[in-house]
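Since the structure comes first, as structure tokens, the remarks are kept for the end.
The values are calculated or read from the model by the stated rules, or taken from the named source; none is laboratory data. Remember, predicted model here, so these are calculated numbers, not experimental data. Every residue, glycine as well, gets a Cβ built from its backbone with ideal geometry; the counts of neighbours run over all protein chains shown.
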Amino acid sequence: MQPIKKIIVAAVSLNNTPLDWNGNASRIKEAVAEAVEAKATVICLPELCVSGYGCEDMFLAPETHEKAMSIVMEQIAPLSVDCIISVGLPVYHKGAVFNCAAVLVNGALLGLTAKQNLAGDGIHYEPRWFKAWQPGVRDVTDSGVPIGDLHYNIGGVTLGFEICEDAWVATRPGARLSEFGVDIILNPSASHFAFGKTDTRDRFISEGSRAFACGYVYANLCGNEAGRVVYDGEAIIAACGEIVTRGQRFHLKNHQVTTAALDIELIRTRKAGSASRHTTLGETPLQVTNLAFQYPSVYTSPKTNPDKAPWELVHRKEEEFTRAIAMALHDYRAKSKTQGFVVSLSGGADSAALVCLIKYMTKIYGIAPEGILTTVYQATRNSSPTTKQAAAIMAAATGAKHHEVDVDKIATDYVSMVEKSIGRRLTWGQDDITLQNIQARTRGPVAWLFANIENKLLLATSNRSEAAVGYATMDGDTCGALSPISGIDKEFLLTWLAWARDKGPHGLGPIPELVCITKQAPTAELRPEDNGEKQTDEKDLMPYGVLNTIEIAAIRDKKAPIDIFRALVEEGHPESNARAWVNKFFALWCRNQWKRDRFAPGIHLDDENLDPRTWCRFPLLSGGFPPI
């Protein structure tokens, strides 16, 4: 056998869907074919890509793991001729389900490496379905296949695994794999998008490849896989502390194959020269060996690009927000088999942001904009010519089919009907919130009607700041099948609108018409003017910057009200204001958990998310927080 010098490896990202057995298998096979054509010998596919990562409680159904294994053996294993394929699937073994990476070589299932560290925080519920495999333990399935904490000597090259969360913990399996002299670590992942997360991945991949003196292949899912989470499709290949190449993020193709040649001789030279690395000698009972495999000679190396895309270098959060929501919208529309979107365009910041994001979506993914977006402005007697004009301008700027309807008579008829029933008039002095809410709720059926007529997704327009304090009308502005901006705060949203107005995403350009939105203070326009003063959101609540500060301190960081009050005073806010703001926030937060529980599905963007179904749990009923 000739000495092995270089081998070509492939990291594959896939846009799969839970329980889409035929579709998932087809995309896997297409990706493997492309990787083989690129002369890749080792092919790493994402975590649980056969079944889909978001199967939820269906992971416990026997059909799910039985179907996944049958697809692996009947459709994917035959593709592993003269190549090594790692593919993710759920595996039932001795009364438990394990999250595994199957290693396929020359048509056979060589082994099943099981995930050791399950993600159980925030949006992750893996311990609900899977059991964590114990380090250092190996077993055999009923069909005689090795399973557990395994690494593989295949044709003289040693491969090991860190499955997604395994690489994010302090006691990474990679350290133990390094003691066995593993040449390449594969990391099949289902790692959700969050602002700035790509930098963290860069660090643990490059540092892992340096500390463990190995090649490192990272493959992730792509797209809006199951509804509330987006995966950016990142693929990275590193060696000995350096990133060799990376794939395109947010690509939203069915698959993307990223290849690189790893210099096995160089990796082993670096490994031998690492004085601090421990080596386990003698028997290695966790190793599976297949010495019959032959690696081809590498004559030409694939083109590589270790650099991030230009758009990732400046205005990172604004750029990532644009692309994450654009991806979520496009993929959700495709997988829900709907024709586009309906937005109740109020002439305010939130709905304007949504239509701009849809416009950017069409540009990013090359979609013809005609017919994608329908907007409707719904006036009452408290609506102003300013917002009506702004809505029309934004509809024209984003290519929407725009409608203008007057719902004042409908709202008035509701009020008159109830007044007759209760025997008194409803007044602003006594029934303020009631009279505001009926206007917002009257708009819901109209927006749904347009969505039903055109088979489109109605998008709710509420943001995270409104969710925190319940500044939203249930069955009004919360109406929708999807709530794309419910994971972002209003302060950032206003910053993003100004950026989109003046600069816009890299290569996509600005939307200057946004000036009609950014020049006005956010307002619900549900209450008559009071002595010439118009209703505004910040008068009803507090400054958005303060609201965001309190929300993050209270909910993300779990700070007590008195501590937040003191911090605000230290920042220079008057004590009376700080006390009023903190008391208002906590009172509204506790009172409105039921609203957050009923919001339409939102898109996870960071660890400040308030969605109780994926991130932030709080009781519907509680004793609350006493005023400070």
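For I8, are the conditions met, namely being touching a Lys or Arg at 6+ places or on another chain (Cβ under 6 Å), closer than 25 Å to I264 by Cα and in a strand (DSSP E or B)?
The answer is yes for I8.
Quick one: in region 1-28, which of the residues that are surrounded by fewer than 22 Cβ atoms within 10 Å (Cβ to Cβ) and within 21 Å of Y295 (Cα to Cα) is modelled with the highest pLDDT?
K6
Is there a residue in region 194-203 that is without any contact (Cβ under 8 Å) to a residue 40 or more places away in the chain, within 22 Å of the chain's Cα centre (by Cα) and surrounded by 20 or more Cβ atoms within 10 Å (Cβ to Cβ)?
yes
Search region 82-96 for residues being touching a residue at least 24 places away in the same chain (Cβ under 8 Å) and either assigned to a helix (DSSP H, G or I) or surrounded by fewer than 23 Cβ atoms within 10 Å (Cβ to Cβ) (or both), and hand back the single one that is nearest to the chain's Cα centre (by Cα).
V91
In region 30-54, which residues are touching a Pro at 6+ places or on another chain (Cβ under 8 Å), touching a residue at least 60 places away in the same chain (Cβ under 8 Å) and in a loop (DSSP other than H, G, I, E, B)?
Result: A38, K39, T41, L45, P46, E47, L48, C49, G52, Y53, G54.
Which condition from (1) within 27 Å of the chain's Cα centre (by Cα); (2) of a type outside the set (S, T, N, Q); (3) closer than 19 Å to A190 by Cα is the one that V103 breaks?
With respect to (1) within 27 Å of the chain's Cα centre (by Cα); (2) of a type outside the set (S, T, N, Q); (3) closer than 19 Å to A190 by Cα, V103 is out only on (1).
Identify the residue in region 56-81 that is within 29 Å of the chain's Cα centre (by Cα) and closer than 25 Å to A35 by Cβ and, among all such residues, is surrounded by the most Cβ atoms within 10 Å (Cβ to Cβ).
A68
Looking at I517, is it under 21 Å from the mean Cα position of the chain (by Cα), among the β-branched types (V, I, T) and assigned by TED's automatic domain parsing to the domain that holds A334?
So I517 does not fit the description; no.
Here are some residues: T473, T461. Which one is of a type in the set (V, I, T), within 21 Å of the chain's Cα centre (by Cα) and crowded, with 22+ Cβ neighbours inside 10 Å?
T461 is the lone residue from the list that is of a type in the set (V, I, T), within 21 Å of the chain's Cα centre (by Cα) and crowded, with 22+ Cβ neighbours inside 10 Å.
Of the conditions (1) within 23 Å of I453 (Cα to Cα); (2) assigned by TED's automatic domain parsing to the domain that holds G223, K337 clears all except one; give me its number.
(2)
Quick check on region 209-236: of everything there that is more than 30 Å from L329 (Cβ to Cβ) and of a type in the set (A, V, I, L, M, F, W, C), which residue is surrounded by the most Cβ atoms within 10 Å (Cβ to Cβ)?
Among them, the one singled out is V217.
At least 3 residues that are surrounded by 18 or more Cβ atoms within 10 Å (Cβ to Cβ) in each: list the strands (runs of 3 or more DSSP E) lying fully within region 318-415 that qualify.
By residue number, 341-344, 373-379.
Is region 476-490 home to any residue that is free of Cβ contacts under 8 Å to residues at least 40 places away in the same chain, out of contact with any Asp or Glu (no Cβ under 7 Å at 6 or more places or on another chain) and under 28 Å from G227 (Cβ atoms)?
Yes, that holds for at least one residue.
When you go through T536, T614 one by one, which is the residue that is buried (at least 17 other Cβ atoms within 10 Å of the Cβ), modelled with pLDDT under 95 and of a type in the set (V, I, T)?
Matching residue, one of T536, T614: T614.
For region 430-448, check the following and say yes or no: at least one residue is under 19 Å from S383 (Cα atoms) and not in a helix (DSSP H, G or I).
No.
Of the residues T304, T280, which single one is hydroxyl-bearing (S, T, Y), assigned to a loop (DSSP other than H, G, I, E, B) and farther than 22 Å from A35 by Cα?
It is T280.
From the residues in region 284-301 that are assigned to a loop (DSSP other than H, G, I, E, B) and among the hydroxyl-bearing types (S, T, Y), which one is modelled with the highest pLDDT?
Y295
Is it true that H573 is within 12 Å of R464 (Cβ to Cβ) and either out of contact with any Asp or Glu (no Cβ under 6 Å at 6 or more places or on another chain) or in the same structural domain as A226 (by TED's automatic domain parsing) (or both)?
Against the criterion (within 12 Å of R464 (Cβ to Cβ) and either out of contact with any Asp or Glu (no Cβ under 6 Å at 6 or more places or on another chain) or in the same structural domain as A226 (by TED's automatic domain parsing) (or both)), H573 does not qualify.
Which one is farthest from K539 (Cα to Cα), of the residues in region 476-516 that are buried (at least 24 other Cβ atoms within 10 Å of the Cβ) and of a type in the set (V, I, T)?
My answer is I485.
So that you can scan it fast, the table gives a plain yes or no per residue for (1) over 22 Å from K197 (Cα atoms); (2) touching a Lys or Arg at 6+ places or on another chain (Cβ under 8 Å); (3) in the same structural domain as T17 (by TED's automatic domain parsing):
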position: I237; (1), (2), (3): no, yes, yes
position: G241; (1), (2), (3): no, yes, yes
position: R246; (1), (2), (3): no, yes, yes
position: F250; (1), (2), (3): no, yes, yes
position: T258; (1), (2), (3): no, yes, yes
position: A261; (1), (2), (3): yes, yes, yes
position: I264; (1), (2), (3): yes, yes, yes
position: R268; (1), (2), (3): yes, no, yes
position: G273; (1), (2), (3): yes, no, yes
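Checking T478 against (1) of a type in the set (V, I, T); (2) part of a helix (DSSP H, G or I); (3) closer than 30 Å to K401 by Cα; (4) touching a helix residue (DSSP H, G or I) at 6+ places or on another chain (Cβ under 9 Å), which test does it fail?
(2)
On the given criteria, is D183 among the charged types (D, E, K, R), in contact with a Phe, Trp or Tyr (Cβ under 8 Å, 6 or more places away or on another chain) and assigned by TED's automatic domain parsing to the domain that holds N99?
Judged against the criteria, D183 is not a match.
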